[in-house]
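Every number here is computed from the coordinates shown, using simple stated rules; none is lab data. What you see is a predicted model; the values in this text were computed from it and never measured. No Cβ is skipped: glycine too gets one built from the backbone with ideal geometry, and neighbour counts run over all protein chains shown.
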Amino acid sequence: MVDEGNAWMEFMLDQAQTDFGRTLDRMLGAADTPRAVRAWARGEHAPGRAVWGRLAEAGVTGLAVPEAYEGVGPLPVELGVAYVAAGRHAVPGPLAETAAAAVLLAALAEGGTARAGQAAGHWLPRIADGRALVTLAAADGGPYALDADAADAVFAVEGEELWLAPGHGPVQPSFDPARRLARPLPGGEPLARGPAVATAAARAADWAAFATAALSLGTGLALVERTAAYVKQRTQFGRPIGSFQAVKHRLADALIGLEFARPLLYGAAVALAARPANGARAEVAAAKVAAGEAAYTAARTALQLHGALGYTDEYDLSLWIRKARALRTAWGSPSVCRSRVLTAASSRPDRS
């Protein structure tokens with residue numbers, strides 16, 4: 001449920017949204033994303049870009065792009081559905097950052113910034129149809145741009161300035177090798193300056209945090225599903241370990257956390273749709289911390305129940321375990337998100 005004024009709205013996915021998620025799930029299930037993730041971690045982007053192309057054909061890359069720029073959005077609910085599926089299949093690339101950059105450019109174009117309007121007219125149609133994969137470095141996301149080495153454009157925000165970076169520095173090691181981090185180079189083409197940049201960047205950061213929450217939820221669901229299948233096969237004392245109560249309880253706890261995060265995620269999507277200009281920072285923060293912590297719990301559960309096997313790079317499970325840990329702190333650490341929720345709660349009038 002989402003609090004809008006004095007009204008409470010209950011939210012559930014409709015049939016079209018549910019079917020959209022199932023279609024993406026089937027499509028990505030046939031795309032051999034583990035191979036694409038491993039290639040991406042080596043700096044080989046072709047398999048990952050092929051997966052990106054499939055998402056574009058399904059309309060995913062246009063969900064954050066306004067119709068005026070050949071997109072179908074902004075549609076945060078559908079984007080949440082799509083990114084849960086992407087997280088479930090560990091799709092590599094700057095998914096959250098591309099959506100956030102689209103929101104940022106569209107917001108600045110609406111504000112009448114001429115150069116930003118030109119950038120929006122150039123880049124947004126390319127983002128919408130999948131021709132361009134872009135990334136974003138901004139204060140809420142830290143000093144690094146994700147997958148700058150694979151991106152067609154690196155946008156950078158610092159204070160009240162937005163520029164198109166001329167390149168990026170060396171790729172830095174990450175807990176998740178498929179999340180390749182690099183600092184954008186200074187200089188480049190200035191696109192906008194002034195208070196409007198900070199306002200638009202805050203809106204874009206909300207979308208990035210929301211998208212990251214959706215990826216986390218999908219990652220956690222994949223970990224629970226894979227672990228549930230594994231414990232039915234592994235035997236100990238002549239019985240599948242999945243029959244032991246302790247194992248059942250660990251998996252149930254992990255799944256409950258994910259299912260608790262799900263309505264928070266879609267509640268945040270409804271809030272983003274209802275308040276496109278002002279954002280929905282508290283709702284997004286609640287979804288981000290719930291999904292991130294639930295996915296991290298699922299990763300720890302999966303690792304323990306798989307034993308030493310879960311540590312190995314050769315075993316696909318490690319791709320999701322590492323991703324869950326990295327997504328937990330991307331675009332808002334748990335402590336930052338909790339602080340935002342508490343600040344919003346304390347500022348609301350007492351309705352008792």
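Quick notes
- Translational diffusion of segment 208-347, µm² s⁻¹ [Kirkwood Rh, Cα pairs; Stokes-Einstein; 20 °C; 1.002 mPa s]: 137
- ³J(HN,Hα) computed for each position of segment 291-303 - Karplus, 6.51 cos²θ - 1.76 cosθ + 1.60, integer Hz, glycine/proline x: 5, x, 5, 5, 5, 5, 4, 4, 5, 5, 5, 4, 5
- Candidate aspartates and glutamates for bridging to K232, where Cα separation is under 19 Å - those fewer than 8 sequence places away on the same chain excluded: D253, D316
- Derived scalar couplings ³J(HN,Hα) [segment 149-157; Karplus, 6.51 cos²θ - 1.76 cosθ + 1.60; whole Hz; x for Gly, Pro]: 5, 9, 7, 7, 8, 10, 9, 9, 10
- Packing-based order for 284-290, 324-330, 239-245, using average beta carbon neighbours within 10 Å, highest first: 284-290, 324-330, 239-245
- Mean-position separation - Cα centroids, segment 259-275 and segment 156-171, in angstrom: 30
- Under 5 Å, built H, 5+ apart or other chain: amide partners of L181: D147, Q172
- Per-residue HN-Hα couplings for segment 123-137 [Karplus 6.51, -1.76, 1.60; θ = phi - 60°; Hz; x = Gly/Pro]: 8, 4, x, 6, 5, 4, 9, x, 6, 10, 10, 10, 9, 9, 10
- A helix-only calculation puts the chain at -19500 deg cm²/dmol for mean residue ellipticity at 222 nm, using -39500 (n - 2.57) for each DSSP H run of at least four residues, averaged over all residues.
- Long-range amide H partners of A137 with built H, under 5 Å: F155, A156, V157
- Diffusion coefficient, µm² s⁻¹, Stokes-Einstein with Kirkwood Rh over alpha-carbon pairs of segment 110-234 at 20 °C and 1.002 mPa s: 132
- Other residues whose C-beta falls under 14 angstrom from the C-beta of E67 contribute a net charge of -4, scoring Lys and Arg +1 and Asp and Glu -1.
- Furthest towards positive pole of dipole, P166, A192, A178, structure part segment 135-224, Cβ charges: A178
- Compactness check for segment 14-123: Cα Rg over 2.2 N^0.38 Å is 1.14.
- If you take the Cα centroid of segment 229-258 and the Cα centroid of segment 56-80, the two points sit 39 Å apart.
- Other residues within the sphere of radius under 15 Å centred on the Cβ of V103, judged by their own Cβ, net out at -3 (K and R +1, D and E -1).
- Residue exposure sequence - E57, E293, E97 - by fewest surrounding Cβ within 10 Å: E57, E293, E97
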